[in-house]
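The values are calculated or read from the model by the stated rules, or taken from the named source; none is laboratory data. On a predicted model such as this, the values are computed, not experimentally measured, just so you know. Every residue, glycine as well, gets a Cβ built from its backbone with ideal geometry; the counts of neighbours run over all protein chains shown.
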Amino acid sequence: MRRKCAFFIFFILPLLPFNAAAFEYRQINKEEIKIMLLSKEGITEGHEFNVEDLIEAVKQIKRETGSDIDIKINGCMINGDFEFKRLAFSEKSIYYYIKNKISIVHSTFHNDVATSYPYYGGRFQHCEFRKEVGFYRCQFLGKVDFSYSRFLENVIFTQVEFSKEADFSNSFFSMATDFSHSVFSGNSYFSKVIFEEKVSFFEVEFSKEVDFSGAGFEKEADFQRCRLKETAFFLDYVSHFPRVESKYIYFADKVDFKGATSRMLIIKWDAIKGGKLVYSPIVYSAIIKSYNELGQYDEADEATFEFRYRRRIENLHLKDGKKKTEWRWNRYMWEYVFEKICGHGVKPFLLLQWWFKMAVLFSFFFSPKGALQKGVQENHSLKSYIYPCINKATFLKRLRDAAYFSVSTFTKISLSNFVPTDNKLIHFSVKIPLYSFKDKKWKTKMSAINLFSFRLLALIEGILGWMLMALFLVCLGKVYIR
């Protein structure tokens with residue numbers, strides 16, 4: 001079989017007649033465009049025409065039939081600047097109302113495409129698309145300007161190549177928007193754009209900078225496997241001119257960057273914090289790295305804390321047979337402890353709170369009678385006796401002495417003249433039933449249970465004090481000395 005295929009490719013196929021003209025575009029005029037637009041298929045593959053002829057044909061059909069036809073173009077070469085305003089008849093308002101459904105597939109635009117135009121008074125007129133707009137596998141060789149446009153139905157820019165600058169700033173998308181698998185070779189502008197429904201930038205490649213400053217995402221935003229080769233800005237739009245409105249970026253629903261790669265992802269933390277960002281370790285690492293490079297250390301610390309918190313939750317619910325449940329629980333507990341004690345190293349002052357809580361707790365531990373005794377050091381020997389306050393002083397005085405001893409032990413400052421005794425913090429008696437085989441009956445025996453000697457508690461407190469102090473210094477240096 002392989003020999004037959006190779007024989008056909010190398011010997012038979014070169015002998016077949018090759019019609020080069022079949023791959024050339026055929027030039028059509030306005031009348032032919034009109035006939036094709038009225039047909040069910042629209043303008044079919046292999047034709048080349050000017051935008052002027054297309055617009056005149058659409059307007060002529062509108063005058064003859066009184067209805068707005070769907071513009072279907074498949075596999076054509078389109079020459080001339082495509083100005084969408086010329087599809088609209090009314091030019092009195094600030095918007096050109098385009099009521100034609102537009103579907104352009106596998107076509108090439110040789111010149112610029114624009115929707116906003118200046119007119120008298122220094123104002124701009126813009127386009128409003130009232131039906132679906134679709135560009136499938138198209139190529140824009142010139143600049144594309146859809147700024148200040150309004151799209152009231154679905155918008156599709158699937159597998160579209162923008163060879164130069166693409167501007168969608170200040171536009172409004174009321175329905176689902178799809179830019180998946182498209183390529184933006186020039187700078188891209190989506191500043192102050194509003195997406196009221198789900199928007200997809202799945203596997204989109206941005207070769208130059210892309211700006212989403214001041215954009216609003218009312219529903220889910222999908223940036224999965226997006227390739228950001230230059231800097232991507234997701235910040236507030238701050239205007240320095242009094243007549244230009246500033247705008248805050250926001251995500252009302254989830255935003256997904258899973259599998260996305262970027263050189264630098266600059267995104268406002270307040271817009272995505274609180275679980276709006278779909279969990280991805282790579283994305284969190286890129287965001288944290290960007291904050292550190294820009295000197296936004298507070299945002300980097302908050303992002304680090306949320307990342308470690310979500311990683312703990314995600315690892316707990318992993319359904320991976322290779323990972324043992326015991327190991328996950330062990331890792332979960334350790335991360336939980338470090339989260340509560342020091343905020344994973346980004347909240348050092350939590351340690352001071354824990355230090356105070358531990359000192360107060362051990363103060364109550366050492367407050368009972370017989371817990372401490374006063375020692376007098378003579379000739380390197382400790383002469384000790386029961387401190388009088390144990391039997392005579394009030395509880396508050398015992399608590400004061402216990403607090404003094406607790407703080408001295410916790411900080412390892414040897415200023416206290418108290419030492420703990422061998423007495424137990426917890427001591428009680430219980431009746432234990434025993435069966436006597438000699439008497440053949442049950443008997444009860446009183447057993448004393450003593451737990452936690454005060455010397456052991458002092459040792460535990462000293463160890464915890466050193467650990468918390470060392471951890472505090474490490475976290476403080478990490479946060480403030482950088």
Exercise. Regarding Ser285, is this residue exposed (fewer than 15 other Cβ atoms within 10 Å of the Cβ), in a helix (DSSP H, G or I) and modelled with pLDDT of 90 or more?
Worked result: yes
For this session: For region 199-208, name all the residues that are charged (D, E, K, R) and buried (at least 18 other Cβ atoms within 10 Å of the Cβ).
Result: Glu203
Exercise. Which residues, taken from region 403-428, are modelled with pLDDT of 75 or more and among the small types (Gly, Ala, Ser)?
Worked result: Ala403, Ser406, Ser408
Seminar exercise, completed: Of the residues in region 141-173, those that are farther than 12 Å from Ser188 by Cβ, in a strand (DSSP E or B) and among the aromatic types (Phe, Trp, Tyr) come to Phe151, Phe172, Phe173
Exercise. Does Ser90 meet the test of being among the small types (Gly, Ala, Ser), modelled with pLDDT of 80 or more, within 47 Å of the chain's Cα centre (by Cα) and not in a helix (DSSP H, G or I)?
Worked result: no
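Rundown of residues vs (1) in contact with a Ser or Thr (Cβ under 9 Å, 6 or more places away or on another chain); (2) modelled with pLDDT under 90; (3) of a type outside the set (Gly, Ala, Ser), yes/no style:
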position: Trp269; (1), (2), (3): no, no, yes
position: Leu316; (1), (2), (3): no, yes, yes
position: Lys319; (1), (2), (3): no, yes, yes
position: Lys322; (1), (2), (3): no, yes, yes
position: Trp329; (1), (2), (3): no, yes, yes
position: Val346; (1), (2), (3): yes, no, yes
Seminar exercise, completed: Those residues of region 194-232 that are not polar (S, T, N, Q) and not in a loop (DSSP other than H, G, I, E, B) come to a total of 16
For this session: Report whether or not Leu473 is surrounded by 15 or more Cβ atoms within 10 Å (Cβ to Cβ), within 30 Å of Thr304 (Cβ to Cβ) and among the aliphatic types (A, V, I, L, M).
Result: no
Exercise. Hey, does region 204-218 have a residue that's at pLDDT 90 or above, assigned by TED's automatic domain parsing to the domain that holds Ala271 and more than 22 Å from Val144 (Cβ to Cβ)?
Worked result: yes
Exercise. Among Ile460, Ile449, which is the only one that is among the β-branched types (Val, Ile, Thr) and at pLDDT 85 or above?
Worked result: Ile460
For this session: Pairs only if they're at least six apart or on different chains, beta carbon under 6 angstrom, first in region 296-312 and in contact (Cβ under 8 Å) with a residue 12 or more places away in the chain, second part of a helix (DSSP H, G or I) and of a type in the set (A, V, I, L, M); list them, first residue then second.
Result: Ala300/Ile288; Ala303/Ile287; Ala303/Ile288; Thr304/Ile288
Problem set entry | Residue check, Leu38 over 47 Å from the mean Cα position of the chain (by Cα), modelled with pLDDT of 85 or more and not small (Gly, Ala, Ser) | yes
Exercise. Residue check: is Ser182 under 17 Å from Phe234 (Cα atoms) and modelled with pLDDT of 90 or more?
Worked result: no
